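Peer 1: Sharing a structure here in C-alpha cells format.
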Amino acid sequence: MKSYRSVAEGAADAVPEFRLAADPAGRTWLLGDEYCENPHCECAVAHCRLVAREDPLEGVTFDIDLAQPRLTRPAGLPEADVLRIQEFSGRPEVFRLLERRRQVVRAWGLIEGGNPVEEEPGQSTTFMQFSPRRESFAMEFELGTERWTAIDHYCAKPGCSCRAALIALYRHQPARKAGDPLSVTFAARFDLATGVVRREEGGSLAPEEARVTAALAAELGDARAVLEIRRGMLLRIAGRHLRWRIPAPRPAVAEPALVGAGRTRRNDPCPCGSGRKYKRCCGG
C-alpha cells in the first residue's frame, strides 16, 4: 500500500479537508488514504483514515472498496465514529475523489511496472496505454442529471515545453449499458500555465461546452494542480517506457532533367518552333 500524500509530493490537495454534520463540535477532518500501487493487481480498495485537525489523537480508520462500492469498518466502533464514516462514505463526490487519487498512486506503480509503448511523434499519450490491465484512468463527474467521463491526454515528446492537458469528454447516454463504448462528445485543451480552456483545435468553447468543462474543473477542485500532478506522473512513466517510432522517409520523386540555356525540359516543345519535342529536335 502507498499513500497518495507520498506520491503527490506536497501538492496542495495532498491532505483534503472535510466538515461533517455528524460531528457536533464542527471540527475539520483530514483525510489520509492509501492504495495498492501494483498495476497488475485488481484491488480497488481505499484504506482511509479521518483525523480531527484540532485533535490529531482522535481519528477513525476504515476501508472503501471502490469497485463495489462497499464500506468495511472495524467492529466495535463508537457510534459517533460510525456516523462520521457513514456520512463521509455516503457522498458520491467522495468516491470520485478517492478513485482519482487511486489512479495517481496506480500511475506511480506504472513508472516501474508499465508496459512498453511505441508512438510516432505528434501523438498524445494516456495512462491506459501503459497499464497492463488497460485501466481507463477516467475521471467521472456530473452536470445536473448528466453523467460525464473525462480522459486526459498529454504530450510526452522529449524537450517539448507545452504544458497542456487535452481532455476528451464523453456524455453518458441514458440507454447506455455497462461495458458499451463511449463516443467523444467534444475535446478541450486545458492550458496548465494560464488556466485558459479552449477547443482542441484552438477556437473558443461553445456555451454548452464551457458549462461542461466548468463542471469538470469544479469536480477536480484545483483543476490546474490536479492535472499538473497527473501530467508529471505521465511524463515520468513515458520517460521509462515510451519509445518514439520514427516514420520511414518517403522516397524522393526525381524531377525531370533540365537542359539547355533556357532550362527547357526534354519533353517540352522545342524553342526553335519546329513543333517537335526538344529531345527530338535541337536537344537530341
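The values are calculated or read from the model by the stated rules, or taken from the named source; none is laboratory data. None of the values given here were measured: they were computed from a predicted structure. Virtual Cβ from ideal backbone geometry, glycine too; neighbours counted across all protein chains shown. Ligands, DNA and RNA are stripped out before the accessible areas are found, and what is left, the full protein with its side chains, is counted by its heavy atoms. Shrake-Rupley method; radii C 1.70, N 1.55, O 1.52, S 1.80 Å.
Peer 1: Hey, if you put +1 on the Cβ of every Lys and Arg and -1 on every Asp and Glu Cβ in the chain, which of Ser6, Pro174, Pro78 ends up farthest toward the positive end of that dipole?
Peer 2: Positive-end residue among those listed: Pro174.
Peer 1: Taking just the C-alpha trace of region 143-214, give me its Rg and Dmax in Å.
Peer 2: 13.8, 44
Peer 1: Given only helices, namely DSSP H runs of n ≥ 4 each adding -39500 (n - 2.57), what is the per-residue ellipticity at 222 nm of the chain, to the nearest 500 deg cm²/dmol?
Peer 2: Result for the chain: -8000 deg cm²/dmol, rounded to the nearest 500.
Peer 1: Continuing with this model, one more query. Hey, rough spin-label estimate for Leu57 and Leu235, points 7 angstrom out along Cα→Cβ, what's it come to in nanometres?
Peer 2: Label-label distance for Leu57 and Leu235, simple model: 4.5 nm.
Peer 1: Provide the FRET efficiency to the nearest 0.05 for the Ser204-Ser183 pair, computing r from the beta carbons and using R0 = 25 Å.
Peer 2: 0.65
Peer 1: Let me ask something additional. Dipole of the chain, Cα-centred, from +1 at each Lys and Arg C-beta and -1 at each Asp and Glu C-beta, to the nearest 20 debye?
Peer 2: That gives the chain a dipole magnitude of about 2340 debye.
Peer 1: May I ask you to compute the full-extension gain from Leu30 to Ser136, defined as 0.36 nm times their residue separation minus their alpha-carbon distance, rounded to one decimal in nm?
Peer 2: Separation in residues times 0.36 nm, less the Cα-Cα distance, equals 35.3 nm.
Peer 1: Which order do peptides 91-101, 197-207 fall in by mean Cβ count within 10 Å, highest first?
Peer 2: Result, highest mean first: 91-101, 197-207.
Peer 1: What net charge do the residues around Arg106 carry, taking every other residue with its C-beta under 9 Å from that of Arg106, with Lys and Arg at +1 and Asp and Glu at -1?
Peer 2: With Lys, Arg at +1 and Asp, Glu at -1, the net is -1.
Peer 1: Dipole of region 1-109, Cα-centred, from +1 at each Lys and Arg C-beta and -1 at each Asp and Glu C-beta, to the nearest 20 debye?
Peer 2: The dipole magnitude comes to about 240 debye.
Peer 1: At 1.4 Å probe radius, can you tell me the per residue accessible area of the chain in Å²?
Peer 2: 55
Peer 1: With r defined as the distance between the Cβ atoms of Glu9 and Gln68 and R0 fixed at 51 Å, what FRET efficiency is calculated, to the nearest 0.05?
Peer 2: FRET efficiency, Glu9 to Gln68: 0.95.
Peer 1: How would you classify region 32-86 from its alpha-carbon gyration tensor, with a ≥ b ≥ c the square roots of the eigenvalues: rounded for a/c under 1.5, else prolate if a/b is greater than b/c, otherwise oblate?
Peer 2: Because a/c hits 1.5 or more and a/b fails to exceed b/c, region 32-86 counts as oblate.
Peer 1: Can you classify region 1-53 as rounded, prolate or oblate using the Cα gyration tensor, where a ≥ b ≥ c are the square roots of its eigenvalues, rounded means a/c under 1.5, and otherwise it's prolate if a/b beats b/c and oblate if not?
Peer 2: Verdict is oblate for region 1-53.
Peer 1: Another question about this same structure. State the answer as a single residue: which of Val104, Val94, Trp29 lies farthest towards the positive end of the charge dipole of region 1-110, with beta carbon charges of +1 for Lys and Arg and -1 for Asp and Glu, about the Cα centre.
Peer 2: My answer, from the dipole projection, is Val104.
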